[in-house]
Amino acid sequence: MKFEKKDFYVTLLLMLLPLITISLISYYFDPLQMFRKSDYYITEGRKINYGIAKNHDYELVVLGTSTSQNILKKDIENIFGVEGVNLSISGSTSYEQRELLKVILKEDKVKKIIYGLDIFSFNREINEVRINTPEYVTRDGILHKFKYLYSFDSLKNIQESKKDKNWIENHGYWGKKHKKDFTRERLLNINVVQNKGSIDGLKKGYSLSKMENNLKEFLKLVDSNKNVKYEIYLPPYSSMYWYFADKYDTLDSILEFKQFIFSEVQKRENIKIYDFQVEFDVIESFDNYKDMVHYTLEVNRNILLDINKGIYLSDFKKNKENEKIFIERLKSWKLTFDEIYK
């Protein structure tokens, strides 16, 4: 029986049709924004933030961990007057933040980065990740594009995605579902998961060498493009965090790391640093927190306002002065929390 050429093409087409269909579906939904802006999205920042960095418009980016996620896009734009986006990643290590920053800088759109420098995210190994991100998200190239289009994960992401044409406005924002959690009672409860995690970390100790090495790697990226301005801020953890840092002999390492940060920052003209860890009105008010490091939407908004006005702007000399005031303040915190946890 003679095999006609057209039969070959028909057979080939039938074989390829499922693959073509899958790729078209993946491209149409594109919940990780790998090819374009899409109304479909997932909430996992480790995956979607790379696509946002590549295919969305912005001049200002907010980076950090969950302590920075409650900075809203509308507040960025209203306060700074430029298009912005929050690409903070919950629970991220310094390495994970740097990998995303590389993509942001490569896209050559950003002019200013507001970076919430969480000390605990620097207390990691130099290449440590908490959750692996697929290579088809982090890498460029045709091969990785094909992996994205045809991976089982892509279909799973589509299944789990949500649709909202304005989803980027609240991207990463978790504060709404926790509004009732910002109370004195919850903050002081050491059995709250986030409090347990913070206390365990403080018990294990913070390695000055790890923190310094991670900062050096971050500064390499800062120096790679000196046209990008950085507004680094040290988040206002509650007085309870500092009490336990002192109790478990971790405070000295943290304060030494802060000195190292300021000593390095003063060498660079494209970085300013703001120290909200001496904003005592905030960190001493228990109702600002749902645990010892996570604070309200209002505190996040005020951080932006203060950065824009230059409030809490600090330097190496100012940090040394603030440290003395901080240590004095700590004495009263120790009395308060010793009484609470006696």
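Before moving on, here are some points about what is shown:
- Qualifying helices (runs of 4 or more DSSP H) (wholly inside the range 175-279; at least 2 residues being surrounded by 15 or more Cβ atoms within 10 Å (Cβ to Cβ) and of a type in the set (Gly, Ala, Ser)): 193-204, 239-247
- Residues in the range 254-288 that are hydroxyl-bearing (Ser, Thr, Tyr) and either within 17 Å of Met240 (Cβ to Cβ) or touching a Ser or Thr at 6+ places or on another chain (Cβ under 9 Å) (or both): Tyr274, Ser285.
- Residues being within 24 Å of Glu128 (Cα to Cα) and either touching a residue at least 60 places away in the same chain (Cβ under 8 Å) or among the β-branched types (Val, Ile, Thr) (or both) - total across the range 238-250: 1
- Residue in the range 195-217 that is in contact (Cβ under 8 Å) with a residue 12 or more places away in the chain and in contact with a strand residue (DSSP E or B) (Cβ under 8 Å, 6 or more places away or on another chain) present: no
- The residues of the range 295-325 that are without any contact (Cβ under 8 Å) to a residue 60 or more places away in the chain and among the hydrophobic types (A, V, I, L, M, F, W, C), listed by number, are Ile311, Leu313, Phe316, Ile325.
- Among the residues listed as Lys145, Lys162, Lys112, the single one being within 19 Å of the chain's Cα centre (by Cα) and in contact (Cβ under 8 Å) with a residue 60 or more places away in the chain: Lys112
- Exactly one residue out of Tyr58, Tyr40, Tyr95 is crowded, with 21+ Cβ neighbours inside 10 Å, at pLDDT 95 or above and aromatic (Phe, Trp, Tyr), and it is Tyr58.
- Condition check for Ile25: touching a Leu at 6+ places or on another chain (Cβ under 7 Å) and either in the same structural domain as Lys102 (by TED's automatic domain parsing) or within 22 Å of Arg130 (Cα to Cα) (or both): no
- Any chance Asp287 is out of contact with any Pro (no Cβ under 9 Å at 6 or more places or on another chain), farther than 29 Å from Asn127 by Cβ and in contact (Cβ under 8 Å) with a residue 24 or more places away in the chain: yes
- Condition check for Met292: assigned to a loop (DSSP other than H, G, I, E, B) and touching a residue at least 24 places away in the same chain (Cβ under 8 Å): yes
Residue-by-condition table, conditions (1) modelled with pLDDT of 95 or more; (2) of a type outside the set (Phe, Trp, Tyr); (3) touching a Lys or Arg at 6+ places or on another chain (Cβ under 6 Å):
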{"site": "Pro236", "(1), (2), (3)": "yes, yes, no"}
{"site": "Phe244", "(1), (2), (3)": "yes, no, no"}
{"site": "Asp252", "(1), (2), (3)": "yes, yes, no"}
{"site": "Gln266", "(1), (2), (3)": "no, yes, no"}
{"site": "Gln277", "(1), (2), (3)": "yes, yes, no"}
{"site": "Thr296", "(1), (2), (3)": "yes, yes, no"}
{"site": "Ile303", "(1), (2), (3)": "yes, yes, no"}
{"site": "Ile311", "(1), (2), (3)": "yes, yes, no"}
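- Checked against the criteria, Leu187 counts as in contact with a strand residue (DSSP E or B) (Cβ under 6 Å, 6 or more places away or on another chain) and either under 19 Å from Asp118 (Cβ atoms) or outside the structural domain of Met34 (by TED's automatic domain parsing) (or both).
- For the range 38-64, a residue qualifies if it is of a type in the set (Phe, Trp, Tyr) and closer than 19 Å to Asp75 by Cβ, and exactly one does: Tyr58.
- Complete set of residues in the range 152-187 that are aliphatic (A, V, I, L, M) and within 23 Å of Gly91 (Cβ to Cβ): Ile168, Leu187
This table checks each residue for (1) touching a strand residue (DSSP E or B) at 6+ places or on another chain (Cβ under 7 Å); (2) surrounded by 12 or more Cβ atoms within 10 Å (Cβ to Cβ); (3) part of a loop (DSSP other than H, G, I, E, B).
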{"residue": "Val299", "(1), (2), (3)": "no, yes, no"}
{"residue": "Leu304", "(1), (2), (3)": "no, yes, no"}
{"residue": "Asn322", "(1), (2), (3)": "yes, yes, no"}
{"residue": "Ile327", "(1), (2), (3)": "no, yes, no"}
{"residue": "Ser332", "(1), (2), (3)": "no, no, no"}
{"residue": "Phe337", "(1), (2), (3)": "no, yes, no"}
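The values are calculated or read from the model by the stated rules, or taken from the named source; none is laboratory data. Keep in mind the model is a prediction, meaning the values are calculated, not measured. No Cβ is skipped: glycine too gets one built from the backbone with ideal geometry, and neighbour counts run over all protein chains shown.
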